[in-house]
Each structure stands twice: as C-alpha cells, then as structure tokens.
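A short worksheet on the structure shown next.
The values are calculated or read from the model by the stated rules, or taken from the named source; none is laboratory data. As the structure is a computational prediction, the values presented were derived from the model and not from experiment. Quick reminder, even Gly has a Cβ in these numbers, built from the backbone with ideal geometry, and neighbours come from all protein chains shown.
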Amino acid sequence: MREERLMRRLVYVEIVLVFAGLWISQVSGWMLPEPLNAWIQADEAARGRYDEWLQYGINAVLAGATVLSWIAILGLWRAGRTIYLATTVAWILLDLVTGPSVLSPIESALGSLIALNGGAILGLAYGSPLRVHFQRPQS
C-alpha cells in the first residue's frame with residue numbers, strides 16, 4: 001500500500017506542477033530578454049490561423065487525455081498506465097513537431113520536474129507491485 005500512496009502523491013504533484021507551469025507561462029514574459037520576447041511575438045504573428053487552430057485542437061485533446069490518464073492512474077484502472085504512457089509520448093511528439101520555442105528559466109525547470117515526476121509514475125506503474133492493478137487478469 002505504500003506504493004499506492006506514493007503513486008497518488010506523485011499524480012497530485014504532477015497536477016500541481018502542470019497548473020503551476022500554465023500559470024508561470026502566462027506571467028513569466030518579463031524574465032526573457034527583449035530579443036526573445038520579440039521573436040516570440042514575431043513567431044506568433046507568422047503562424048496561420050489554420051495552424052494555430054489545429055495546434056489548439058490537438059492541445060485540447062491531449063489535455064483531456066492527460067486528465068483522463070490522471071483519473072485512471074488514481075483509480076488504478078486497468079488501462080490507466082497505457083493511457084498515461086500514450087499521453088506522455090504524445091506530448092513529447094507534439095514538442096518535436098511544433099518547432100522551436102522559448103521558455104523562461106522557471107518554465108524550463110518546471111518542465112524538467114514534470115518529466116522527472118512522470119518518469120517516477122511510469123516506473124511505479126510498470127515496475128512495482130502496483131503493476132498487477134494495470135494488467136489483464138490471468139485466465
């Protein structure tokens with residue numbers, strides 16, 4: 001049961017980190033030098049409406065899937081770890097295809113903490129006694 005408590009805490013920590021990252025990304029522009037802020041504004045202005053709406057749509061779907069994965073992991077649903085792994089991989093792939101980005105130091109640190117925390121969740125889900133909750137029952 002220690003692993004189950006630890007898993008719950010890790011998921012709660014991830015939720016806090018993700019929402020802190022969203023908030024920080026909105027208020028941390030002052031931390032960047034002016035040339036980087038100018039590049040961000042130019043990059044946003046250069047995107048087409050279609051690209052922007054497509055990216056917002058993909059982000060919305062992935063955000064919903066991430067919330068579902070947190071609920072599934074917390075509820076120890078059989079598909080929980082698979083959903084969590086799939087959303088983690090999807091976020092990484094989205095980072096790869098969306099092109100360059102500029103982050104403040106705090107955003108970068110929070111991203112690293114989220115990745116580390118997610119690795120711990122996956123480690124528990126796949127490598128601890130909790131894994132039996134996420135496996136198909138033996139017939």
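Tabulated data
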item: Selection from the range 73-89 of residues that are buried (at least 19 other Cβ atoms within 10 Å of the Cβ) and within 21 Å of Gln138 (Cβ to Cβ); result: Gly80, Arg81
item: Verdict on Ala60 being surrounded by 12 or more Cβ atoms within 10 Å (Cβ to Cβ) and at negative phi; result: no
item: Count of residues meeting criterion [loosely packed, with under 15 Cβ neighbours inside 10 Å and under 17 Å from the mean Cα position of the chain (by Cα)] in the range 123-139; result: 1
item: Residues of the range 1-55 that turn out to be out of contact with any helix residue (DSSP H, G or I) (no Cβ under 8 Å at 6 or more places or on another chain), over 21 Å from Gly99 (Cβ atoms) and not acidic (Asp, Glu), as a count; result: 10
item: Residues of the range 21-38 that turn out to be surrounded by 15 or more Cβ atoms within 10 Å (Cβ to Cβ), among the hydrophobic types (A, V, I, L, M, F, W, C) and part of a helix (DSSP H, G or I), as a count; result: 1
item: Hey, Arg78 of a type in the set (D, E, K, R), within 21 Å of Arg8 (Cα to Cα) and part of a loop (DSSP other than H, G, I, E, B) or not; result: yes
item: Pair list, Cβ under 9 Å, 6 or more apart: the range 118-130 residue of a type in the set (S, T, N, Q), other residue assigned to a helix (DSSP H, G or I); result: Ser128/Glu3; Ser128/Leu6; Ser128/Met7
item: Qualifying residue in the range 91-100 (condition: touching a helix residue (DSSP H, G or I) at 6+ places or on another chain (Cβ under 8 Å), in a helix (DSSP H, G or I) and surrounded by 11 or more Cβ atoms within 10 Å (Cβ to Cβ)); result: yes
item: Meets criteria (surrounded by fewer than 16 Cβ atoms within 10 Å (Cβ to Cβ), in a helix (DSSP H, G or I) and either on the phi < 0 side of the Ramachandran plot or not polar (S, T, N, Q) (or both)) for Ala42; result: yes
item: Qualifying residue in the range 113-135 (condition: out of contact with any Phe, Trp or Tyr (no Cβ under 8 Å at 6 or more places or on another chain), within 30 Å of Trp39 (Cα to Cα) and among the small types (Gly, Ala, Ser)); result: yes
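One line per residue, one yes/no per condition, for (1) at pLDDT below 95; (2) within 19 Å of Val18 (Cβ to Cβ):
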residue: Leu94; (1), (2): yes, yes
residue: Thr98; (1), (2): yes, yes
residue: Ile114; (1), (2): no, yes
residue: Gly119; (1), (2): no, yes
residue: Gly127; (1), (2): yes, no
residue: Val132; (1), (2): yes, no
